[in-house]
Amino acid sequence: AAIETDARVLVGVSGHYIGFKVRKNDNFYLPLPFYHAFGGFGVYIGETCRYLLSQPPKPEDNKHSIRAMCGIGLRKEFWNQFKTRFAIKHIYEFYGASEANVYLVNLNDKEGSCGFIPYYYGIFLRLLYSGCIVKVDSVTYEPIRNRKGLCKMIRPG
């Protein structure tokens, strides 16, 4: 659990509205509490999309006015299939946590790119945040350390 101040919630929600190009006439389906990072915005959880895809196709699958979805964990192999079958124009992927100090959002609508940080953003990240991206072992997910025992930083991208 985390303390969510009014200011933090306002900044987070404002970021979603600007980043996801929310329009005045958009409606939202909200299955989450307002204090959640996606509170106040339509949301999916990746497995929900997989469950929907596992159902037999129906003519009603794309008879709606949904233009965008945002959520967490839509696997790359289902991304385009889901967009095509359900006629979803944009999907925005999110990675982080409600209580995190920073999170990543895929505003490019490109499958599998959530978590990708272009190299040229690295300069800005170091100026804005005290954290850094470190190299990890692809099997154990443990940080790889240098001779001094410090985590090895990697170049974003």
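Figures for the structure shown
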{"item": "Long pairs among Lys24/Lys89; Lys63/Lys83; Lys24/Lys58; Lys89/Lys135; Lys24/Lys76; Lys76/Lys135, criterion Cα-Cα beyond 25 Å", "result": "Lys24/Lys58; Lys89/Lys135; Lys24/Lys76"}
{"item": "Highest-first arrangement of 135-144, 49-58, 67-76, where packing means the average Cβ count within 10 Å", "result": "67-76, 49-58, 135-144"}
{"item": "Segment Ile154-Ser54, extension gain: residue separation times 0.36 nm, minus the distance between their alpha carbons", "result": "32.1 nm"}
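No value in this document is a laboratory result; all are computed from the given coordinates. Nothing here was measured: the structure is a model prediction, and the numbers come from that model. All Cβ positions, even for glycine, are placed from backbone atoms using ideal geometry, and neighbour counts span all protein chains on display.
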